Structures are given as structure tokens and as C-alpha cells.
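Notes to accompany the following structure.
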Amino acid sequence: VSSSKGLVTGQLSYYEEGRLINCSKRSSTSNGLPVPVHINKVSHLSSSAEYILLVEKETVFQRLANDKFCAKNCCILLTGKGYPDVATRSFLRRLVDQLHLPVYGLMDGDPYGLDILSIYRFGSLTMAYDAKVLAVPSILWLGIFLSDLGHFGLTENCLLPMSKRDEKKADAILNKSYIQQLAPAWWSKLAEFRTRRVKLEVEAISTVSFTSLADHYIPSKIRGQCYI
């Protein structure tokens with residue numbers, strides 16, 4: 001049986017081939033349920049969520065799930081475990097189309113985080129035809145940014161140096177005309193990291209306190225509309 005990379009949890013239920021799936025219940029192996037592979041077999045989406053939080057990495061997903069983030073904040077939590085597969089992107093698009101919820105992306109402050117977020121928003125260059133059916137143009141970048149330093153207990157000590165590979169990847173993204181034209185604020189944030197030759201991981205927030213990400217960073221950023 002084929003399975004998707006993605007995981008979902010939170011205030012969401014749906015039917016898949018006649019079977020009720022309740023995403024607020026954890027599976028036997030993790031805090032999340034696998035994203036459905038065949039989106040055409042999904043029906044009767046139902047949710048009381050106020051937004052969708054899309055996270056880049058499974059480690060962050062599991063941390064937030066362990067902290068009962070969705071129950072406390074009335075949301076849906078989704079991850080593609082890095083670069084997303086088609087099933088995860090298709091599922092996110094379906095959620096947005098039917099539930100009409102805002103989507104906030106929580107990605108590392110590095111070129112790969114922005115590249116992953118861009119795939120969700122614009123589509124994949126290797127599958128240009130998929131943009132109309134898979135892209136989520138409304139997605140917002142919640143962080144993590146250099147401008148977060150000095151807040152939430154984040155200091156310059158949290159910064160990591162960019163590798164040569166990081167710099168090359170950043171240059172490639174910054175040279176993409178559609179990023180400059182359609183997401184200039186995203187482009188500017190990455191340019192700041194590239195200029196300083198540093199990067200910032202989401203996990204840095206948890207060095208302040210174990211629950212700082214769930215209890216302070218995400219709710220404060222959403223409440224203060226500190227996203228782009």
C-alpha cells in the first residue's frame with residue numbers, strides 16, 4: 001500500500017473511502033496521521049480550526065503535537081517532512097479550497113526553508129503543469145526571520161554560518177525572477193540572511209524554553225500579524 005510523506009493532526013476530520021478519519025487522534029507510531037494519498041477519495045472535510053500551520057520539519061511537527069498545540073490554538077498542523085510530495089501539496093490545496101483557512105508557513109531561516117515554502121506557494125519547476133491544481137498562492141511566511149532576533153529570547157548566538165552549499169542555493173533562489181516579482185518580501189528576508197552569510201533554525205526558539213515555540217513564538221506572531 002502506497003503512503004505519503006506528509007503528516008497531519010489537529011482540528012480536522014474527513015471521510016476516506018467511507019471511513020471516518022479524525023485527525024485529532026494520534027496514530028500508534030507518531031503524533032500525526034499520514035496525509036491521504038488519493039485526494040479524490042476524500043470527502044466531507046470538517047473543521048473548527050482557525051488556521052493551518054504548515055511546518056517544514058517533522059521534528060518541529062512532533063514537538064508541537066507533543067505540546068498539544070492544535071488543541072490549545074484551534075488549528076490544523078501539517079508537515080511534508082522537508083520537500084513535500086504531491087499528496088501533501090494536493091491535500092493542503094484541498095483544505096484551503098474547501099475550508100477557506102489562512103495558511104502560515106513555519107520554515108527555517110535559510111534558502112532551503114524558503115525553497116520548500118515556495119514549492120507550496122508556486123509549484124515545482126520540475127512539474128510546471130501542476131501549479132494550477134497544487135499551488136497555494138495565499139500561503140504566508142510566519143518565520144523564522146532575522147528580525148525575530150531580540151525577541152522571544154533569540155540572540156545572535158542562535159545564528160549559524162551558511163555553508164558554501166547554502167550560499168549557492170540562496171543565490172539560485174534570489175536570481176529567480178518570479179520570487180522577486182511575486183514574493184518581494186520573501187526575497188528580501190532571504191537576501192538579509194545571504195548578506196550576513198548566516199541562517200537560523202526554528203529549533204533555536206526551543207533553546208529559550210522547551211515550550212517557547214508553542215506557547216509564545218507562534219501565537220504571538222499570528223496575533224501580531226508578524227508574517228509576510
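Could you say whether any residue in the stretch 168-188 is surrounded by 19 or more Cβ atoms within 10 Å (Cβ to Cβ), closer than 28 Å to Gly10 by Cβ, in contact with an Asp or Glu (Cβ under 8 Å, 6 or more places away or on another chain) and not hydroxyl-bearing (Ser, Thr, Tyr)?
Checking the stretch 168-188: not a single residue is surrounded by 19 or more Cβ atoms within 10 Å (Cβ to Cβ), closer than 28 Å to Gly10 by Cβ, in contact with an Asp or Glu (Cβ under 8 Å, 6 or more places away or on another chain) and not hydroxyl-bearing (Ser, Thr, Tyr).
Scan the stretch 25-40 residue by residue and report those that are surrounded by 12 or more Cβ atoms within 10 Å (Cβ to Cβ) and at pLDDT 90 or above.
Gly32, Leu33, Pro34, Val35, Pro36, Val37, His38, Ile39
Which condition does Ala204 not pass, out of (1) touching a Phe, Trp or Tyr at 6+ places or on another chain (Cβ under 9 Å); (2) within 22 Å of Leu77 (Cα to Cα); (3) aliphatic (A, V, I, L, M), if it passes all the others?
(1)
I'm told Asp85 meets every condition in (1) acidic (Asp, Glu); (2) at pLDDT below 95; (3) within 13 Å of the chain's Cα centre (by Cα) except one. Can you identify the failing condition by its number?
(3)
Which residue pairs have Cβ atoms closer than 8 Å, lie 6 or more positions apart in sequence or on different chains, and pair a first residue in the stretch 48-63 that is more than 15 Å from Pro84 (Cβ to Cβ) with a second residue that is part of a strand (DSSP E or B)?
From residues that are more than 15 Å from Pro84 (Cβ to Cβ), the pairs are Ala49/Gly10; Ala49/Cys75; Ala49/Ile76; Glu50/Cys75; Tyr51/Cys75; Tyr51/Ile76; Tyr51/Val103; Tyr51/Tyr104.
Do you know which residues across the stretch 104-141 are within 27 Å of His216 (Cα to Cα), small (Gly, Ala, Ser) and surrounded by fewer than 20 Cβ atoms within 10 Å (Cβ to Cβ)?
Across the stretch 104-141, the qualifying residue is only Ser138.
Here is a list of conditions, (1) crowded, with 21+ Cβ neighbours inside 10 Å; (2) touching a helix residue (DSSP H, G or I) at 6+ places or on another chain (Cβ under 6 Å); (3) not acidic (Asp, Glu), and Ser47 meets all of them except one; can you say which number that is?
(1)
What are the residues in the stretch 74-95 that are among the charged types (D, E, K, R) and under 18 Å from Leu114 (Cα atoms), if any?
Those that are among the charged types (D, E, K, R) and under 18 Å from Leu114 (Cα atoms): Lys81, Asp85, Arg89.
The values are calculated or read from the model by the stated rules, or taken from the named source; none is laboratory data. Predicted, not measured: the structure shown is a model, and the values here were computed from it. We place every Cβ from the backbone using ideal geometry, glycine too, and count neighbours over all the protein chains shown.
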